[in-house]
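Structure first, commentary second.
The values are calculated or read from the model by the stated rules, or taken from the named source; none is laboratory data. This is a predicted model, so every value here is computed, not measured. Methodologically, a virtual Cβ is constructed for each residue, glycine included, from the backbone with ideal geometry; neighbour enumeration extends over all protein chains shown.
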Amino acid sequence: MTENEQAYLDMIAACEGTAGDYGYRALFGYTPSNNRVFDNGYATHPNIRVNFTDLNGNTNYSTAAGRYQIIFSTFKDLQAKLGTVDFSPQTQDLMALQLIAEAGAGDAVRAGDLQTAIDTTAGIWASLPASHYPQPKRTYDFALAAYNQAGGVAA
């Protein structure tokens, strides 16, 4: 993994609110104060359905879990593609990199073209600045600061 790829993963975690010690075990809606984490180990995705109200006032749900808030159906698809057998931190990193590649953002991430990378992957991570999801988003300044703090070199 390149330094910019690692920094981008760290930036995603910062935006998703999962950059802390429990990030790889975070359930949807995790904050350090609520400690909403799964405790069944990393054998598989926890597939725990969490209800929430989106910014449009609609009741919705998510099975997002882990550092990159991967939903269960995406986990199953990626597990089949990648041949992974668990939901370990290493597998979560691999899955996030696969999602970035499938979105067509791998070159932008490696080159440090943060604007293009964020805009291209905003359909995957709801917290990214360009996201279309009716959920809270981070600003580009927040994302850039997290990326820089993680050692990324922006183009």
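Here are a few things to note about the model shown:
- Filter result (under 19 Å from Ala143 (Cα atoms) and among the hydroxyl-bearing types (Ser, Thr, Tyr)) within the range 1-29: Thr2, Tyr8, Thr18
- Where a residue in the range 30-53 is exposed (fewer than 15 other Cβ atoms within 10 Å of the Cβ) and its partner, wherever it lies, is part of a loop (DSSP other than H, G, I, E, B) and acidic (Asp, Glu), with Cβ under 6 Å and at least six apart: Ala43/Asp86
- Filter result for Val85 (over 24 Å from Ala122 (Cβ atoms), of a type outside the set (D, E, K, R) and either modelled with pLDDT of 95 or more or more than 16 Å from the chain's Cα centre (by Cα) (or both)): yes
- Close contacts from the range 98-124, counting a first residue that is modelled with pLDDT of 95 or more and a second that is of a type in the set (Asp, Glu), with Cβ to Cβ under 6 Å and a gap of 6+ residues or different chains, come to Val109/Glu5.
- Test: residue in the range 33-50 that is of a type outside the set (A, V, I, L, M, F, W, C) and touching a Lys or Arg at 6+ places or on another chain (Cβ under 7 Å): no
- For Pro136, the conditions (1) within 23 Å of Phe28 (Cα to Cα); (2) under 17 Å from the mean Cα position of the chain (by Cα); (3) not in a loop (DSSP other than H, G, I, E, B) all hold with the exception of (3).
- Thr59 vs. criteria without any contact (Cβ under 8 Å) to a residue 12 or more places away in the chain and among the β-branched types (Val, Ile, Thr): yes
- Restricting the range 18-27 to residues that are assigned to a loop (DSSP other than H, G, I, E, B) and over 9 Å from the mean Cα position of the chain (by Cα) leaves a set whose member that is surrounded by the most Cβ atoms within 10 Å (Cβ to Cβ) is Ala19.
- Index of the failed condition, Ser131 passing every other in (1) in a loop (DSSP other than H, G, I, E, B); (2) touching a helix residue (DSSP H, G or I) at 6+ places or on another chain (Cβ under 7 Å); (3) under 23 Å from Thr31 (Cβ atoms): (2)
- Residue list for the range 56-95, restricted to those being among the acidic types (Asp, Glu) and in a helix (DSSP H, G or I): Asp77, Asp93
- Taking the range 76-108 as the range and being surrounded by 14 or more Cβ atoms within 10 Å (Cβ to Cβ) and touching a Ser or Thr at 6+ places or on another chain (Cβ under 8 Å) as the test, the residues that pass are Leu78, Thr84, Asp86, Phe87, Thr91, Leu94, Met95, Leu99, Ile100, Ala103, Ala105, Ala108.
- Residue in the range 104-123 that is in contact with a Cys (Cβ under 9 Å, 6 or more places away or on another chain) and outside any helix (DSSP H, G or I) present: no
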